[in-house]
Amino acid sequence: MGHALDVACGAGRNAIYLAAQGFTVDAIDISSAALERGRVNAKALDNRISWIESDLDLPPVLERLYQLILVIRYVNLPLVKALIPHLAASGLLICEQHLMTDQDVAGPRTPSFRVQPGELLQTAATLDVLHYSESVVSDPGGDKVALARLVAQSPA
């Protein structure tokens, strides 16, 4: 399957899933405690996942190209833009961000932790956009959330 990068992975739910699907995963987060939980939860797959502790306010030093880069609900658009050159040819960027809204929704209350309408799409302007949406949806847990969702591909 190739290499995947899970940015702000927390305890690694997505990294573990990707490794189970055959990816070799670099899972990055600032929290050593969350990364340790991921290591424990991924014992059977741990040889497929590299757990990397890093402050994501600075772009991580990446030594490879990735077939898949995943950024889920970690709002840092300069980082997303800095990750794009690390996509392999035809590689996918999957990004889901909290979206600014006037509606009463779950998630961060601070505007700096939400993207403005159109902002995520603009960040990925150099990629081929396969899917983009901005909407208020129900989370699997039942909470109402405002999200910008992007699936984009690096040119071949």
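For the range 53-80, the set of residues classified as open to solvent by 60 Å² or more (accessible area, probe 1.4 Å) and more than 24 Å from residue 151 (Cβ to Cβ) consists of 53, 55, 57, 58, 61, 63, listed by residue number. Residue count for the range 87-107, restricted to those that are at negative phi and either assigned to a loop (DSSP other than H, G, I, E, B) or acidic (Asp, Glu) (or both): 8. Find all pairs meeting these conditions: Cβ atoms under 6 angstrom apart; at least six residues apart or on different chains; first residue within the range 60-86 and under 12 Å from residue 3 (Cα atoms); second residue among the polar types (S, T, N, Q) and open to solvent by less than 70 Å² (accessible area, probe 1.4 Å). If the second residue must be among the polar types (S, T, N, Q) and open to solvent by less than 70 Å² (accessible area, probe 1.4 Å), the pairs left are 70/14. Going by the conditions given, is residue 121 modelled with pLDDT of 95 or more and open to solvent by less than 30 Å² (accessible area, probe 1.4 Å)? When the stated conditions are applied, residue 121 does not pass them.
Go through the range 6-28 and report how many residues are open to solvent by less than 70 Å² (accessible area, probe 1.4 Å), farther than 21 Å from residue 91 by Cβ and either in contact with a strand residue (DSSP E or B) (Cβ under 8 Å, 6 or more places away or on another chain) or not small (Gly, Ala, Ser) (or both).
1
Of all residues in the range 86-95 being open to solvent by 30 Å² or more (accessible area, probe 1.4 Å) and under 14 Å from the mean Cα position of the chain (by Cα), which is farthest from residue 30 (Cα to Cα)? The residue in question is 92. Among the residues of the range 108-116, is any out of contact with any Ser or Thr (no Cβ under 9 Å at 6 or more places or on another chain), open to solvent by 40 Å² or more (accessible area, probe 1.4 Å), in a strand (DSSP E or B) and of a type outside the set (Asp, Glu)? Checking the range 108-116: not a single residue is out of contact with any Ser or Thr (no Cβ under 9 Å at 6 or more places or on another chain), open to solvent by 40 Å² or more (accessible area, probe 1.4 Å), in a strand (DSSP E or B) and of a type outside the set (Asp, Glu). So, in the range 131-144, of the ones that are among the small types (Gly, Ala, Ser) and open to solvent by less than 60 Å² (accessible area, probe 1.4 Å), which residue ends up farthest from residue 97 (Cα to Cα)? Ranking the candidates gives 142 first.
Within the range 37-52, the residues that satisfy the criterion of being in contact (Cβ under 8 Å) with a residue 12 or more places away in the chain and either surrounded by fewer than 19 Cβ atoms within 10 Å (Cβ to Cβ) or over 27 Å from residue 77 (Cα atoms) (or both) are 37, 39, 41, 42, 45, 48, 50, 52. You will find that of 147, 83, the residue that is out of contact with any Pro (no Cβ under 7 Å at 6 or more places or on another chain), buried (at least 19 other Cβ atoms within 10 Å of the Cβ) and not in a strand (DSSP E or B) is 83 and no other.
Does the range 23-39 contain any residue that is farther than 20 Å from residue 13 by Cα, in contact with a helix residue (DSSP H, G or I) (Cβ under 8 Å, 6 or more places away or on another chain) and among the charged types (D, E, K, R)? I'd like the intermediate steps shown before the answer.
Filtering the range 23-39 down to residues farther than 20 Å from residue 13 by Cα leaves none.
No; the residues of the range 23-39 include none that is farther than 20 Å from residue 13 by Cα, in contact with a helix residue (DSSP H, G or I) (Cβ under 8 Å, 6 or more places away or on another chain) and among the charged types (D, E, K, R).
When residue 23 is tested against the conditions (1) within 27 Å of residue 108 (Cβ to Cβ); (2) touching a residue at least 12 places away in the same chain (Cβ under 8 Å); (3) among the aromatic types (Phe, Trp, Tyr), the lone failure is (1).
The values are calculated or read from the model by the stated rules, or taken from the named source; none is laboratory data. As the structure is a computational prediction, the values presented were derived from the model and not from experiment. So basically every Cβ, Gly included, is an ideal-geometry build from the backbone, and we count neighbours across all protein chains shown. In case anyone asks, the SASA skips ligands and DNA or RNA and just uses the protein heavy atoms, side chains included. Shrake-Rupley method; radii C 1.70, N 1.55, O 1.52, S 1.80 Å.
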